[in-house]
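Contents: one structure, followed by commentary.
The values are calculated or read from the model by the stated rules, or taken from the named source; none is laboratory data. Quantities reported herein were computed from a predicted structural model and do not represent experimental measurements. Counting neighbours? That spans all protein chains shown, and the Cβs are built from the backbone with ideal geometry, glycine included.
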Amino acid sequence: MALSTERLGLYNPEKPMENRLTDLGPRHFWQYFPPIIQNNYGKWKYHEILEPGILVHVSETGDKVFTVRCGGCRFMSVEHVREICDIADKHCDGYVRFTTRNNIEFMVDSQDKMEALKKDLESRKHVSGSYKFPIGGTGAGLTNIVHTQGFLHCHTPATDASSMVKSVLDDLFDYFQGMTLPAQVRISMACCLNMCGAVHCSDIALLGYHRKPPVIDHEVIDALCEIPLVIAACPTGAISPAKTEEGKKTVKIKEERCMFCGNCYTMCMAVPLADKEGDGVTILAGGKISNRMSPPQFSKVVVPWLPNEFPRYPDVCAHVKRIVEAYAKDANKYERIGDWAKRIGWERFFEKCDLPFTDHLIDDYRLQYDTYRTTTQFKYTEAAWEVSRAAGGIE
Amino acid sequence: MAFEPREEQKELKYQELRIYSDDELHNYTEEELKNFKVKHPIPDVDELEKGPWPSFVADAKREALHRKKLADDRMLINSECVEDLLGQLQVSFDDGETHWKHGGIVGVFGYGGGVIGRYSDLQEQFPSIAHFHTMRVNQPMSKFYNTDYLRAICDLWEYRGSGLLNMHGSTGDIIFLGTFTEQLEPVFYELTHVLQQDLGGSGSNLRSPSCCLGKARCEWSCIDTQDMCYELTHYYQDELHRPAFPYKFKFKFDGCPNGCVASIARSDMSYIGTWRDNIRIDQEAVQAYIGGEIPPNGGAHSGRDWGKFDIQKEVIDLCPTKCMRMEDGKLEINDKECTRCMHCINVMPRALRPGLDTGCSILFGAKAPILEGAQMSVLTIPFVKCEPPYENIKEIVEKVWDWWMEEGKNRERLGELIQRYGIPKFLEVLEIPAMPQMVTEPRSNPYIFWKEEDVPGGFKRDINEYRARHKR
């Protein structure tokens with residue numbers, strides 16, 4: 001059966017339940033495994049990264065599968081997907097896969113095929129010059145940045161996603177195509193605290209953040225929102241019921257209690273937070289998912305706010321680069337950014353990354369005590385001398 | 001070992017399914033693309049075509065030109081929608097604020113998820129994206145595809161949508177970006193009837209479960225991640241499509257503790273493959289690593305000169321439990337003390353392999369910061385055998401859901417509910433005893449909520465009896 005071209009296709013709005021199929025779930029995965037994957041399922045013995053972006057997996061049967069990993073944009077057009085299909089048809093018997101981090105993986109069963117595939121991929125560029133399929137993203141390097149929708153498709157962002165990711169990856173492109181870091185670096189980007197990108201356990205997380213309390217649309221709030229739900233949505237109890245001068249039901253906000261999470265706006269369109277001057281980017285660092293050596297870690301806020309400089313975010317890019325380069329220079333082999341910061345002490349991390357430490361970076365929310373330092377073990381840095389001077393302890 | 005689908009899958013052949021002819025698919029030249037200008041001035045968006053990383057703008061322009069050159073009756077959404085989207089992006093850069101309206105309740109009949117309403121707030125300026133709804137299409141497990149399927153999806157979405165998508169969204173679905181309300185049901189009918197393919201989850205539902213690539217191409221996977229993910233996704237279709245939960249619920253399946261799909265940080269119920277016997281050692285390969293014949297960590301560090309591989313420094317000393325040593329030229333592991341962190345296996349994949357008695361650990365409650373702060377999943381069940389059809393796991397799932405649906409507040413994730421009630425209550429729900437592995441250390445306060453039945457004689461006492469012993 002061909003895809004239909006009738007305006008409403010197979011759907012009859014007169015009888016919406018007629019012939020309705022539901023609960024089919026996703027299609028079955030086995031048919032999408034290329035033969036070399038089917039034949040060696042569960043039999044893989046070891047793997048090796050032959051060069052950045054190129055892996056070989058060796059099976060107990062002696063079979064080898066060569067994988068070429070390419071960076072991809074999460075946001076893509078059907079034209080791009082068709083080009084991916086052309087490549088897969090030409091080199092990979094019509095099979096291809098995508099990774100969790102929006103990379104594209106082409107697999108072939110011999111070294112010769114891999115070389116041809118690699119050459120083809122490297123030759124493909126957009127007319128304006130950027131690579132279509134940059135090879136890399138493996139081993140002790142930088143892999144693709146996972147991200148959220150931003151201005152392209154979301155109603156709550158505090159910054160844009162695709163443009164920031166493009167800018168940061170242009171800047172760090174050599175790290176994507178190389179394996180020169182102490183360990184892998186996972187950068188993730190979410191354009192608001194809702195974090196549909198769940199960036200909270202990344203080596204470096206870029207997070208869009210609001211800094212102005214909601215502005216209230218008194219005209220419509222009572223008609224469009226459930227006021228009790230708006231009030232209940234606030235984690236700090238900053239929102240309470242109120243009446244306008246005309247006696248309309250609305251809410252008022254204790255501004256000093258607002259932590260700009262935007263949860264009220266998620267519940268109610270009449271309390272928007274977005275603001276050109278208020279919105280910007282928070283940088284977090286030192287998180288990870290893997291259980292390797294140390295347990296998984298949350299990322300910690302290391303830069304409280306940077307401005308949204310569309311479309312290239314020079315300040316954000318510079319800060320990310322500074323952290324990556326300080327880490328590359330100083331960390332031990334196998335050490336992730338968070339492991340490195342823990343070993344040298346966060347005071348030293350701020351010094352080495354040349355990042356100012358301000359009171360914004362000290363937790364004053366619910367679990368703040370967990371982060372208090374309750375020992376006399378610390379290192380002297382310029383920040384420490386400044387405190388001693390301010391306290392009159394030294395000249 | 002082949003896996004079978006629950007229901008027969010008809011084979012999809014693009015040649016039988018296709019909408020567009022070859023001529024229509026190749027309807028512009030590179031020269032035309034170079035000279036193509038979108039209808040709105042977009043200087044900052046154009047800027048994003050520079051630089052080596054793939055430009056999403058350059059890609060979107062291809063689609064814009066392709067649509068422009070298709071005949072008007074060869075698509076059902078205005079051909080200018082991509083140009084309008086880029087135009088609106090420029091206005092968003094200028095204003096420093098998004099121009100998508102808040103929410104919009106749309107969907108397909110009988111489902112409470114899978115479709116997310118989206119409307120532009122600049123509809124006069126950008127009429128072709130006045131509606132720009134999202135449809136989530138449940139991805140095949142671990143995102144392997146063939147081109148027949150992908151090409152069919154492309155034709156469908158170019159004809160009935162914007163031709164723009166995400167491969168893939170954060171949770172794992174294929175995301176169709178941008179169509180009008182009228183086309184939601186037709187797209188759903190094409191997906192289900194022609195492609196035998198369902199939508200994914202959104203809202204207070206089970207979200208589309210996802211998994212790592214598992215045994216398909218990884219030597220470390222301790223579980224059949226795809227099969228578990230497929231089975232649980234299909235078994236819980238009702239929960240995936242019809243919202244009955246306090247909030248979203250996510251399953252993610254990682255084949256080993258390296259955690260490639262981030263289940264420990266991103267899922268309410270995290271399944272992480274592990275083993276309970278011994279790490280397999282190939283002593284000859286250990287020697288080959290020591291001798292420098294095999295690059296450590298699968299060659300992951302080959303971009304820099306880190307000096308000669310030193311097994312003591314790079315493996316034995318970095319073992320978090322210090323359970324390894326070299327003895328008479330042989331590597332010894334005290335597996336009883338091993339916590340299976342994967343470091344030694346990652347460094348020497350040809351010498352060390354996970355054990356053969358495998359299953360998964362189950363952890364609960366991860367989520368992003370909204371609202372009470374981010375949480376990672378808590379280790380709750382140390383080891384479970386994973387054999388199809390995974391009845392033991394389904395039993396656990398249902399106990400958890402019953403409790404959460406009963407006690408969870410509106411928009412309260414499982415992790416928050418566990419914190420509100422405490423792990424001891426959660427253990428009662430699961431009908432399992434406590435173990436020290438659930439915490440990093442025991443509590444430091446003695447504020448134990450003793451229950452009446454714990455204490456001999458119960459809580460009911462007579463004050464007069466007390467006073468008989470103690471004067472006021």
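Observations, loosely collected:
- The number of residues in the range A:151-173 that are out of contact with any Pro (no Cβ under 9 Å at 6 or more places or on another chain), in a helix (DSSP H, G or I) and closer than 24 Å to B:G103 by Cα comes to 2.
- Criterion: free of Cβ contacts under 8 Å to residues at least 24 places away in the same chain and in a loop (DSSP other than H, G, I, E, B) - qualifying residue of B:R443, B:R420: B:R443
- Among the residues of the range B:296-350, just one is exposed (fewer than 14 other Cβ atoms within 10 Å of the Cβ), touching an Asp or Glu at 6+ places or on another chain (Cβ under 9 Å) and of a type in the set (S, T, N, Q), namely B:T321.
- Qualifying residue in the range A:254-267 (condition: hydrophobic (A, V, I, L, M, F, W, C), touching a strand residue (DSSP E or B) at 6+ places or on another chain (Cβ under 8 Å), away from chain B (no Cβ under 14 Å) and not in a helix (DSSP H, G or I)): no
To keep it simple, each residue is scored yes or no on (1) over 21 Å from A:H360 (Cβ atoms); (2) surrounded by fewer than 17 Cβ atoms within 10 Å (Cβ to Cβ); (3) among the hydrophobic types (A, V, I, L, M, F, W, C); (4) free of Cβ contacts under 8 Å to residues at least 24 places away in the same chain.
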site: A:E245; (1), (2), (3), (4): yes, yes, no, yes
site: A:K249; (1), (2), (3), (4): yes, yes, no, no
site: A:G262; (1), (2), (3), (4): no, no, no, no
site: A:Y265; (1), (2), (3), (4): yes, no, no, no
site: A:A270; (1), (2), (3), (4): yes, no, yes, no
site: A:P295; (1), (2), (3), (4): yes, yes, no, yes
site: A:Y327; (1), (2), (3), (4): yes, no, no, no
site: A:G338; (1), (2), (3), (4): no, no, no, no
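- Number of the condition not met by B:S162 [criteria: (1) touching a Cys at 6+ places or on another chain (Cβ under 7 Å); (2) surrounded by 24 or more Cβ atoms within 10 Å (Cβ to Cβ); (3) among the hydroxyl-bearing types (S, T, Y); (4) within 7 Å of another protein chain (Cβ to nearest Cβ)]: (4)
- Members of the range B:71-86 found to be part of a loop (DSSP other than H, G, I, E, B), buried (at least 18 other Cβ atoms within 10 Å of the Cβ) and out of contact with any Leu (no Cβ under 7 Å at 6 or more places or on another chain), listed by number: B:M75, B:L76, B:I77, B:E80
Residues checked against (1) assigned to a helix (DSSP H, G or I); (2) at the interface with chain B (Cβ under 9 Å from one of its Cβ atoms):
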| position | (1), (2) |
| --- | --- |
| A:N144 | no, no |
| A:Y175 | yes, no |
| A:G178 | no, yes |
| A:G197 | no, yes |
| A:R211 | no, no |
| A:H218 | no, no |
| A:A223 | yes, no |
| A:I231 | yes, no |
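- Listed here are the strands (runs of 3 or more DSSP E) enclosed by the range A:1-96 that have at least 3 residues being within 7 Å of chain B (Cβ to nearest Cβ) and farther than 27 Å from B:W53 by Cα: A:44-51.
- Residues within the range B:109-136 that are away from every other protein chain (no Cβ under 11 Å) and either among the acidic types (D, E) or at positive phi (or both), tallied: 1
- Meets criteria (part of a strand (DSSP E or B) and either more than 7 Å from chain A (Cβ to nearest Cβ) or at pLDDT 95 or above (or both)) for B:I153: no
- The range B:259-279 residues that are small (G, A, S), paired with ones that are in a helix (DSSP H, G or I) (beta carbon under 7 Å, 6 or more apart): B:S270/B:S263; B:S270/B:I264
- Candidates B:C218, B:C222, filtered to the one that is touching a residue at least 12 places away in the same chain (Cβ under 8 Å), more than 9 Å from chain A (Cβ to nearest Cβ) and either buried (at least 22 other Cβ atoms within 10 Å of the Cβ) or out of contact with any His (no Cβ under 6 Å at 6 or more places or on another chain) (or both): B:C222
- Residue within the range B:87-108 that is part of a helix (DSSP H, G or I), closer than 23 Å to B:T181 by Cβ and more than 7 Å from every other protein chain (Cβ to nearest Cβ) present: yes
- For B:E49: the one exception among (1) surrounded by fewer than 16 Cβ atoms within 10 Å (Cβ to Cβ); (2) within 9 Å of chain A (Cβ to nearest Cβ); (3) not polar (S, T, N, Q): (1)
- Test: residue in the range B:137-149 that is in contact with a helix residue (DSSP H, G or I) (Cβ under 9 Å, 6 or more places away or on another chain) and more than 8 Å from chain A (Cβ to nearest Cβ): yes
- Scanning the range A:279-327 for residues that are out of contact with any Phe, Trp or Tyr (no Cβ under 8 Å at 6 or more places or on another chain), within 9 Å of another protein chain (Cβ to nearest Cβ) and over 25 Å from B:A265 (Cα atoms) returns A:N308, A:R312.
- Among the criteria (1) over 24 Å from B:T274 (Cβ atoms); (2) touching a residue at least 12 places away in the same chain (Cβ under 8 Å), the one B:L430 does not fulfil is (1).
- Some residue of the range B:332-340 being within 27 Å of A:L142 (Cα to Cα), in contact with a Cys (Cβ under 6 Å, 6 or more places away or on another chain) and within 10 Å of chain A (Cβ to nearest Cβ): no
- So B:Y145, is it over 24 Å from the mean Cα position of the chain (by Cα), at pLDDT 95 or above and buried (at least 24 other Cβ atoms within 10 Å of the Cβ): no
To keep it simple, each residue is scored yes or no on (1) over 30 Å from A:Y175 (Cα atoms); (2) free of Cβ contacts under 8 Å to residues at least 60 places away in the same chain; (3) touching a helix residue (DSSP H, G or I) at 6+ places or on another chain (Cβ under 8 Å).
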| site | (1), (2), (3) |
| --- | --- |
| A:T22 | yes, yes, yes |
| A:G25 | yes, yes, yes |
| A:F29 | yes, yes, yes |
| A:P34 | yes, no, no |
| A:Q38 | yes, yes, yes |
| A:E48 | no, yes, yes |
| A:D63 | yes, yes, yes |
| A:F66 | no, yes, yes |
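- Helices (runs of 4 or more DSSP H) fully within the range B:249-361 counting 3 or more residues that are of a type in the set (A, V, I, L, M, F, W, C), over 30 Å from B:W401 (Cβ atoms) and not assigned by TED's automatic domain parsing to the domain that holds B:E219: B:283-290, B:343-347
- Within the range B:1-31, the set of residues being within 8 Å of chain A (Cβ to nearest Cβ), more than 17 Å from B:L195 (Cβ to Cβ) and surrounded by 17 or more Cβ atoms within 10 Å (Cβ to Cβ) comprises B:F3, B:L25.
- Subset of the range B:32-46 that is facing another protein chain (nearest Cβ under 9 Å) and charged (D, E, K, R) - its residue that is nearest to A:M76 (Cα to Cα): B:D46
- Of the residues screened, B:E231 is not one that is of a type in the set (D, E), under 22 Å from B:I264 (Cβ atoms) and in contact with a His (Cβ under 8 Å, 6 or more places away or on another chain).
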